[in-house]
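Colleague: Okay, handing you the structure first.
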Amino acid sequence: MSQKELYLLDGNSLTYRAFYALPTTLTKSDGTITNAVFGFTKMLLTLIDNEAPDSIGVAFDVGKKTFRHQAYEDYKGTREKTPDELRPQFKLVKDVLEALQIPFFGMEEYEADDLIGTLAKRAEAEGYQVTIVTGDRDALQLISDNIRVMYTRRGITDIVDYTLEKFREDYELEPIQLIDKKGLMGDSSDNIPGVDGIGDKTSTKLLKEFGTLEKLLENIDKVGGKKRKATLEEQADRARMSKELATIKLDVPIDIDFESLKISDFNNEEAYQLFNDLEFTSLISYIGGHKEVKDFSYEEIDSIEDFKRLEVGEKLAINLELSGEKLTRELEHIAISFDDQNYYIDLDENELLEGLREIIAGKELLMLEGKEQIRYLLQHGIAVDTLAFEPLLADYLLKPSEQEKSFAELVQGHLQRALPESDDKELLILKTKLLFDLEEELITKLEENDLLRLYQEVELPLLNVLAELELNGIKVSKEGLEELNVKFKEKIANIEEQIYELAGETFNINSPKQLGVILFENLGLPVIKKTKTGYSTSASVLEKLEGKHEIIPLISQYRTYTKLQSTYVEPLEEYINEETGRIHTTFNQRVTATGRLSSADPNLQNIPIRSEEGREIRDVFVAEEGKKLVAADYSQIELRVLAHISDDEGLKEAYQHGLDIHTKTASEIFDIPLEEVTSNERRKAKAVNFGIAYGISDWGLAKRLNIGNKEAQEFIELYFSRYPKVKEYMDNTIKQAKEEGYVTTVFNRKRYLSDINSKNYHKREFAKRMAINTPIQGSAADIMKIATIDVANALKEEKLNAKVLLQVHDELVLEVPEDELEMVQKLVKEKMEEAVQLDVKLEVDVKVGDSWNNME
DNA sequence: ACGTCCTGCAA
DNA sequence: TATTGCAGGACGT
């Protein structure tokens, strides 16, 4: 039988510690600061995890004044008042304790310290081993053979365990002498005065000699040093009072039964809900270990006849277990759930497909990793008519800024359940079954957030379309790539040689560090800009050095070609699918915070176009024999969106009259007639127009245009005076973000901006720019998503063979048989322009070509 | 092997 | 000290 153990925590001190140890940027998505609660909870759970205590009690201060204030008015007088960010968190700490069923207590007039002292000594007398957990060193005076103190040294994880032995070693005193020591040296943090001129060293020396403050004062004549003796005599009362203040009360009239402090099972629903509400995702695992979902049964099907005979409901969850690489996947097994029935189907691939084809026709499907599975099905000629639910996508809409989550995290976060450890088969079935639970939960949450329409009418249908796009892929000329490879290789070798010649030595031109030495030390060129780690050699720096040395343009050229070579020419070849001769990128629907898609493996949304050398790469993206590539892009969709959401007359009018918006802006801010705008003025205006959509600063615009801050500021002010409602829109959006914690797009897509009320200037300003940009970029993304769906569906409806291959934010790339060209061009333009009805017209330019370069 | 920095490509 | 991404090479651990 082990000894009875009791852990007593100083709730106040630990919460304070947590508050100062963690940044106040730790917030819920609505902006509520939770750093202290989080820190406290983490300490508590770690403690429980490490120490497995069987009894815990948490003490709090109650009220502001204590008996110590009556004795000494200035007690804790130097303390700053509790920060506003911290005060409301005490309530939350108590909520956490309540949910975890851990008792806490407090008493008027007494500090948490006194309660802990009293209880510790009483428990010790009853035979307990007591551990006091606190951030306050005062508690060390309570140490004994059966009482130890754990206190937080730095942060919240660095905890020191003080036993009697360690205390004696560190202090050369007995724990109780700590109060005498404080009487002598005082404590600035509590504003306890002590005796002038006596500090750490002297107090220890005196106490080692005399034992206590009282004995010291009795034997004052034996104290060495005239001055010290005089001060001690003079300040004897002050010393006695200081000691009293520092003494933890051991006789507080508190009535607590230690039996009631026994820890109980805290894996309860309330704790889950609270942690969920506080968004303590990472802490849920501490309380989540036990609650698993295992109670389910399933049936195994191993004949195609049985599979086909399954009478499935209208709505079913299907889960395909796929192996292999993206386009060569093989179907191993299937799990199906509906109406509380679960099936595991183990047949060969063709039979599985055959059965599936029959089973899912016309049904509403719940799927996990929908795009992967739908792409596989499409590849085998099975179209999914109605995708009714996909959990990862739903979770993304609710929290688009968060990192992509695993299925287990989703189950944890939304169902408060832990996935059990089990074999692949059970897990597959369980996941399938859980799709129904997730559907219920997530659809409700989407509904509550007004996101259901966006989910059902945009994101889910798009998921289907993206599977098609990926399967389609785009044809890439291997020979073309090879030619480019040779051409660029020669260029690079040539430039490299010249650079080494001019530098007088060979070095790694790709290393900014080595290049910096060559340019700024060996060649003595002026340093334009520095990075954290050394000289900056960025393109803008090189541009400023142009003309100062022949090596500079060569470096720029070298950079251009090696960039193209290593990022595009070389890697692209590897991505060409041997069977299709095409590149099949992956479109990710759950990455961006604004609602855009992203593309990876390879990224086909950043293929060069601006530079002459770079756009040659587009030559290798070609149409099949007998077909053409068609590229349709929105003209200035973001600025049109801005005109719409700001409702600015000037901006809207410009578009209604079909004016060139940059020329129009130039004429406004330079106050000249449209016809007189020069190309340089238009260029500046264009930068202003773009900058506005990004939440511009004068500094940023100045840098971009290479002009003075003041001039840039004037441009911005002029812009706002000409387009006043744009300014209004910005102010309102920021205001909304501050109040609601999020901003929205025209289709109600949300983005939470937790930093919008941050005390940190940079974070706050950054959040403001996001607040301005997100509705613009995000609304454009919404529109493009709808257009992508509409175009893909219209092609199918019209039974055309044209296919959508790529989406590049404001552009769709299609591959079109020559005999469909005319019709498809018209159809695409129409669908894109009519995807939504805004206050300004959307315009789409359609171009045709044999390759993605030089289209017209 | 992995993470960070710098750099640069797109809309 | 302009928004959103993906990705390469260098370099440090």
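The values are calculated or read from the model by the stated rules, or taken from the named source; none is laboratory data. Just so it is clear, the model here is predicted, and its values are computed rather than measured. Every residue, glycine among them, receives a Cβ derived from its backbone with ideal geometry; neighbour counts consider all protein chains shown. For accessibility, only protein heavy atoms count, side chains too; no ligands or nucleic acids. Shrake-Rupley method; radii C 1.70, N 1.55, O 1.52, S 1.80 Å.
Colleague: Yes or no: the range A:738-746 includes at least one residue that is more than 20 Å from A:Gln636 (Cα to Cα), more than 13 Å from DNA strand C (Cβ to nearest atom) and surrounded by fewer than 16 Cβ atoms within 10 Å (Cβ to Cβ).
Modeller: Yes; the residues of the range A:738-746 include at least one that is more than 20 Å from A:Gln636 (Cα to Cα), more than 13 Å from DNA strand C (Cβ to nearest atom) and surrounded by fewer than 16 Cβ atoms within 10 Å (Cβ to Cβ).
Colleague: State whether one or more residues within the range A:761-773 are more than 16 Å from DNA strand B (Cβ to nearest atom) and either over 30 Å from A:Ala593 (Cα atoms) or acidic (Asp, Glu) (or both).
Modeller: Scanning the range A:761-773, I find at least one residue that is more than 16 Å from DNA strand B (Cβ to nearest atom) and either over 30 Å from A:Ala593 (Cα atoms) or acidic (Asp, Glu) (or both), so the answer is yes.
Colleague: Now for a separate question. Tally the residues that are outside any helix (DSSP H, G or I) and not small (Gly, Ala, Ser), restricting the search to the range A:721-745.
Modeller: 5
Colleague: Between a residue in the range A:534-559 that is without any contact (Cβ under 8 Å) to a residue 24 or more places away in the chain and any residue that is aromatic (Phe, Trp, Tyr) and outside any helix (DSSP H, G or I), which pairs come within a Cβ distance under 9 Å, given they are 6 or more apart or on different chains?
Modeller: Correct list of pairs: A:Val541/A:Tyr535.
Colleague: Oh, and also: Has the range A:659-668 got at least one residue that is of a type outside the set (Val, Ile, Thr), away from DNA strand C (no atom under 16 Å from the Cβ), in a loop (DSSP other than H, G, I, E, B) and assigned by TED's automatic domain parsing to the domain that holds A:Gln713?
Modeller: Here is the first cut: in the range A:659-668, the residues of a type outside the set (Val, Ile, Thr) are A:659-660, A:662, A:664, A:666-668.
Then keep just the ones that are away from DNA strand C (no atom under 16 Å from the Cβ); that gives A:659-660, A:664, A:667-668.
Right, trim to in a loop (DSSP other than H, G, I, E, B) and you get A:659-660.
From what is left, the residues that are assigned by TED's automatic domain parsing to the domain that holds A:Gln713 are A:659-660.
Within the range A:659-668, one or more residues are of a type outside the set (Val, Ile, Thr), away from DNA strand C (no atom under 16 Å from the Cβ), in a loop (DSSP other than H, G, I, E, B) and assigned by TED's automatic domain parsing to the domain that holds A:Gln713.
Colleague: Evaluate the range A:621-638: report whether one residue or more is of a type outside the set (A, V, I, L, M, F, W, C), over 30 Å from A:Val541 (Cβ atoms), open to solvent by less than 10 Å² (accessible area, probe 1.4 Å) and touching a strand residue (DSSP E or B) at 6+ places or on another chain (Cβ under 8 Å).
Modeller: To start, the set of residues in the range A:621-638 that are of a type outside the set (A, V, I, L, M, F, W, C) comprises A:624-628, A:633-636, A:638.
Adding the requirement that they be over 30 Å from A:Val541 (Cβ atoms) leaves A:624-628, A:633-636.
Okay, now just the ones that are also open to solvent by less than 10 Å² (accessible area, probe 1.4 Å), so A:634.
After this cut, where a residue has to be touching a strand residue (DSSP E or B) at 6+ places or on another chain (Cβ under 8 Å) as well, the list is A:634.
The answer is yes, given that some residue of the range A:621-638 is of a type outside the set (A, V, I, L, M, F, W, C), over 30 Å from A:Val541 (Cβ atoms), open to solvent by less than 10 Å² (accessible area, probe 1.4 Å) and touching a strand residue (DSSP E or B) at 6+ places or on another chain (Cβ under 8 Å).
Colleague: I'd like to verify a number: residues in the range A:9-38 that are closer than 13 Å to A:Glu279 by Cα, open to solvent by less than 50 Å² (accessible area, probe 1.4 Å) and out of contact with any strand residue (DSSP E or B) (no Cβ under 7 Å at 6 or more places or on another chain), how many?
Modeller: Adding up the residues that qualify gives 5.
Colleague: Do you know which residues across the range A:597-613 are more than 8 Å from DNA strand B (Cβ to nearest atom), open to solvent by 40 Å² or more (accessible area, probe 1.4 Å) and part of a loop (DSSP other than H, G, I, E, B)?
Modeller: If the condition is that a residue be more than 8 Å from DNA strand B (Cβ to nearest atom), open to solvent by 40 Å² or more (accessible area, probe 1.4 Å) and part of a loop (DSSP other than H, G, I, E, B), then A:Asp601 is the only one that fits.
Colleague: Identify all residues within the range A:683-720 that are of a type outside the set (Val, Ile, Thr), within 34 Å of the chain's Cα centre (by Cα) and not in a helix (DSSP H, G or I); write none if there are none.
Modeller: A:Tyr694, A:Gly695, A:Ser697, A:Asn706
Colleague: In the list A:Val813, A:Val840, which residue meets the criterion of being part of a strand (DSSP E or B) and either modelled with pLDDT under 95 or away from DNA strand C (no atom under 16 Å from the Cβ) (or both)?
Modeller: Values: A:Val840 fails: part of a strand (DSSP E or B).
Answer to the check: A:Val813.
Colleague: With the requirement that a residue be within 16 Å of DNA strand B (Cβ to nearest atom) and crowded, with 21+ Cβ neighbours inside 10 Å, what does the range A:694-730 give you?
Modeller: A:Gly695, A:Ile696, A:Leu701
Colleague: Out of the range A:305-353, which residues are under 23 Å from A:Asp385 (Cα atoms), touching a Gly at 6+ places or on another chain (Cβ under 9 Å) and of a type outside the set (Lys, Arg)?
Modeller: Once the filter is applied, which keeps residues that are under 23 Å from A:Asp385 (Cα atoms), touching a Gly at 6+ places or on another chain (Cβ under 9 Å) and of a type outside the set (Lys, Arg), the range A:305-353 yields A:Phe307, A:Leu310, A:Glu314, A:Leu327, A:Glu330, A:Ile334, A:Phe338, A:Asp339, A:Gln341, A:Ile345, A:Leu353.
Colleague: Now for a separate question. Conditions: (1) away from DNA strand C (no atom under 16 Å from the Cβ); (2) free of Cβ contacts under 8 Å to residues at least 24 places away in the same chain; (3) among the small types (Gly, Ala, Ser). A:Gly650 meets all but one. Number of the miss?
Modeller: (2)
Colleague: Looking for something of a type in the set (Asp, Glu) and within 23 Å of A:Lys544 (Cα to Cα) - is there at least one such residue anywhere in the range A:675-682?
Modeller: Keep residues of the range A:675-682 that are of a type in the set (Asp, Glu), which gives A:675-676, A:681.
From the residues that got through so far, the ones that are within 23 Å of A:Lys544 (Cα to Cα) too are A:681.
Looking through the range A:675-682, at least one residue is of a type in the set (Asp, Glu) and within 23 Å of A:Lys544 (Cα to Cα).
Colleague: State yes or no: is A:Lys513 modelled with pLDDT under 90, within 15 Å of DNA strand C (Cβ to nearest atom) and open to solvent by 60 Å² or more (accessible area, probe 1.4 Å)?
Modeller: Numbers: modelled with pLDDT under 90: yes; within 15 Å of DNA strand C (Cβ to nearest atom): yes; open to solvent by 60 Å² or more (accessible area, probe 1.4 Å): yes.
So A:Lys513 passes the test.
Colleague: Related question: So A:Ala794 ticks every box in (1) crowded, with 18+ Cβ neighbours inside 10 Å; (2) aliphatic (A, V, I, L, M); (3) assigned to a helix (DSSP H, G or I) but one. Which box is left unticked?
Modeller: Just one mismatch for A:Ala794, condition (1).
Colleague: Is there a residue in the range A:723-732 that is away from DNA strand C (no atom under 13 Å from the Cβ) and in contact with a Gly (Cβ under 6 Å, 6 or more places away or on another chain)?
Modeller: There is at least one residue in the range A:723-732 that is away from DNA strand C (no atom under 13 Å from the Cβ) and in contact with a Gly (Cβ under 6 Å, 6 or more places away or on another chain).
Colleague: Only one of these is farther than 30 Å from A:Leu705 by Cα, within 16 Å of DNA strand B (Cβ to nearest atom) and without any contact (Cβ under 8 Å) to a residue 24 or more places away in the chain: A:Phe520, A:Phe488, A:Phe587, A:Phe507. Name it.
Modeller: Values: A:Phe520 fails: farther than 30 Å from A:Leu705 by Cα; A:Phe488 fails: without any contact (Cβ under 8 Å) to a residue 24 or more places away in the chain; A:Phe587 fails: without any contact (Cβ under 8 Å) to a residue 24 or more places away in the chain.
The match here is A:Phe507.
Colleague: Please verify whether A:Ala467 is under 27 Å from A:Thr27 (Cβ atoms), within 30 Å of the chain's Cα centre (by Cα) and not basic (Lys, Arg), treating the condition exactly as stated. Before the answer, list the steps.
Modeller: Working: under 27 Å from A:Thr27 (Cβ atoms): no; within 30 Å of the chain's Cα centre (by Cα): yes; not basic (Lys, Arg): yes.
For A:Ala467, the condition - under 27 Å from A:Thr27 (Cβ atoms), within 30 Å of the chain's Cα centre (by Cα) and not basic (Lys, Arg) - is not met.
Colleague: Further, regarding this structure: For A:Val411, only one of the following conditions fails: (1) open to solvent by less than 10 Å² (accessible area, probe 1.4 Å); (2) within 16 Å of DNA strand C (Cβ to nearest atom); (3) in contact with a helix residue (DSSP H, G or I) (Cβ under 8 Å, 6 or more places away or on another chain). What is its number?
Modeller: Of (1) open to solvent by less than 10 Å² (accessible area, probe 1.4 Å); (2) within 16 Å of DNA strand C (Cβ to nearest atom); (3) in contact with a helix residue (DSSP H, G or I) (Cβ under 8 Å, 6 or more places away or on another chain), only one is false for A:Val411: (2).
Colleague: Now a separate question. Within the range A:596-620, how many residues turn out to be in contact with a Ser or Thr (Cβ under 7 Å, 6 or more places away or on another chain) and more than 16 Å from DNA strand C (Cβ to nearest atom)?
Modeller: 3
Colleague: Can you pull out the residues in the range A:664-687 that are within 16 Å of DNA strand B (Cβ to nearest atom) and among the β-branched types (Val, Ile, Thr)?
Modeller: none
Colleague: Restrict the check to the range A:469-490 and report whether at least one residue is away from DNA strand C (no atom under 15 Å from the Cβ), of a type in the set (Lys, Arg) and in a loop (DSSP other than H, G, I, E, B).
Modeller: No; the residues of the range A:469-490 include none that is away from DNA strand C (no atom under 15 Å from the Cβ), of a type in the set (Lys, Arg) and in a loop (DSSP other than H, G, I, E, B).
Colleague: Counting only residues that are surrounded by 16 or more Cβ atoms within 10 Å (Cβ to Cβ) and either out of contact with any helix residue (DSSP H, G or I) (no Cβ under 8 Å at 6 or more places or on another chain) or not in a helix (DSSP H, G or I) (or both), how many does the range A:418-434 have? Walk me through it before giving the result.
Modeller: If we filter the range A:418-434 for residues that are surrounded by 16 or more Cβ atoms within 10 Å (Cβ to Cβ), which is where we start, we get A:418-419, A:426-434.
With the extra rule that they be either out of contact with any helix residue (DSSP H, G or I) (no Cβ under 8 Å at 6 or more places or on another chain) or not in a helix (DSSP H, G or I) (or both), the set shrinks to A:418-419, A:426-430, A:432-433.
Here the count works out to 9.
Colleague: Kindly list, by first and then second residue, each pair from a residue in the range A:444-456 that is loosely packed, with under 15 Cβ neighbours inside 10 Å to a residue that is at pLDDT 95 or above and not acidic (Asp, Glu), limited to pairs with Cβ atoms under 6 Å and residues at least 6 apart or on different chains.
Modeller: A:Asp450/A:Asn748
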